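Throughout, read-outs are computed from the coordinates displayed, never taken from laboratory work. These numbers come from a predicted model, not from an experiment.
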C-alpha cells in the first residue's frame, strides 16, 4: 500500500465521519488501480458506520447503507 493510502487510512480511522477523507482514500486506490484496496476501504467504512450506530446488518457489511456522497464513488468501481 502506498504512503498516501496509509495516510488516508489512518485519517479515516481518526475521523470516520469525514466523508472528504473517505473520498480521498477511494481516489488514491482508484488512481493506483488497487481494486482490493478499494474494497478494503469500503468494508472499513461500512464497519465504522456500524460502530457509529448507523445500522446493524443482518447478513453482512454489504447491507450497510453508505451516505449518498460516498455511494457514487463506490458504485463507480464496484462490479455489477
From DSSP H assignment alone, runs of 4+ in the chain each adding -39500 (n - 2.57), the sum over residues rounded to the nearest 500 puts [θ] at 222 nm at -21000 deg cm²/dmol
Per-q log10 I(q)/I(0), the chain, q = 0.16, 0.22, 0.26 Å⁻¹ (Debye; single scatterer per alpha-carbon; no solvent): -0.54, -1.03, -1.39
Full extension from residue 34 to residue 62: what is 0.36 nm times the residue separation minus their Cα-Cα distance, to one decimal in nm? 8.2 nm
For the chain the mean separation of alpha carbon contacts under 8 Å (6+ apart) over residue count, i.e. relative contact order in percent, is 26
